[in-house]
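The values are calculated or read from the model by the stated rules, or taken from the named source; none is laboratory data. As the structure is a prediction and not an experimental result, all values here were calculated from the model. Neighbour counts are summed over all protein chains in view; Cβ atoms, including those assigned to glycine, are modelled from backbone coordinates with ideal geometry. The area values use the complete protein model at the heavy-atom level, side chains included, leaving out ligands, DNA and RNA. Shrake-Rupley method; radii C 1.70, N 1.55, O 1.52, S 1.80 Å.
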Amino acid sequence: MTEYLSIILGKTKRIIILTFLIFLSNIPTFSQTSPRIALVLSGGGALGYAHIGVLQALDEEGIKPSIIAGTSMGAIVGALYSQGYSGKQLFEFVKQRKLNNIYRNVHVSFLNINRGLGSYKHVHDLLNDAIPHNSFDSLSIPFICISTNIQTGKPEVRYSGNNLAEWVLASASIPVVFKPQLIDGEYYCDGGFVDNLPANYLPEDSYDICIGIDLVPSKKPNTDNYFSEEYSASDVYCNMILDINSVKGREKCDYIIQPHKDVKYGLLDFRKYKILYQRGYNAMKQWIESHPEILERK
């Protein structure tokens, strides 16, 4: 009788263990998911080629922003990336379309010269070819574009609707250099003149981490070379304005990456695109290495 009970108990124990294991195997597992990253691309003229390097570094790690906000050069790069072009493809655009040549970028026109030296005709053609639907709503990644309404002096925020190319060019129309964009009876120019790091226009529920790519040099030149061949008056004054207009955006961002901490290159150094691109790439790679949790949670 004792032996019989022992056999019964042994079988019962095995059934209980087996049932428990089956129960455990059916419990849903909740693995950590990647944080949703909002990427804010500032203005800065030619310094914006660093944005392309930043995006390529993210591509190589398989990190995709959930939303992008951009102004000026950041708007051009951000719109193309939001359409689905990789950082590597954007770098090829620069070479193929000769976007490193300022004379190609500025289509000089003496008509209405009081409005500016030229237009963004060459870049407009690029945007029309690369984003034929010309709509915010058809982009692969949600994109927010900031420009300045000249008549009100206030920011114009666009994230939906048509005329994508026109709004992007308005955001990048540096006063005096480029003619302002006339859209729906209003004139618009460079968004950096009201907000050069437009993080505050991101919907709060659209991201977990906000990373700002701030192109404005944080290191100021000393008195001896404040105005020099390397650092012209246009760089001095533009950087001062852009720096002031980036304060609120920096406060909103969780992380700030500054590819150009020194003042070695200026807003019109388009010919230095390879160096500027590499600076962005290196800065983003270093940031990723110092924040391994971003990759671990993928």
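A few comments on the model shown:
- The residues of the range 170-190 that are under 15 Å from Leu267 (Cα atoms) and touching a Lys or Arg at 6+ places or on another chain (Cβ under 8 Å) amount to a single one, Ser173.
- Contact annotation: residue pairs with Cβ atoms under 8 Å, 6 or more positions apart or on different chains, pairing a residue in the range 87-102 that is closer than 12 Å to Lys274 by Cα with a partner that is outside any helix (DSSP H, G or I) and open to solvent by less than 50 Å² (accessible area, probe 1.4 Å), are Val94/Asn100.
- Neighbours by Cβ (under 9 Å, 6+ apart or cross-chain): first from the range 251-278, surrounded by 14 or more Cβ atoms within 10 Å (Cβ to Cβ); second of a type in the set (Asp, Glu) and at pLDDT 90 or above: Cys253/Asp214; Asp254/Asp208; Ile256/Asp214; Ile257/Asp214; Gln258/Asp214; Pro259/Asp214; His260/Asp214
- The helices (runs of 4 or more DSSP H) falling completely within the range 1-107 that include 1 or more residues that are at pLDDT 90 or above map to 49-60, 73-83, 87-96.
- Counting only strands (runs of 3 or more DSSP E) that sit completely within the range 118-228, those holding 1 or more residues that are under 27 Å from Val263 (Cα atoms) correspond to 143-149, 176-178, 186-190, 209-213.
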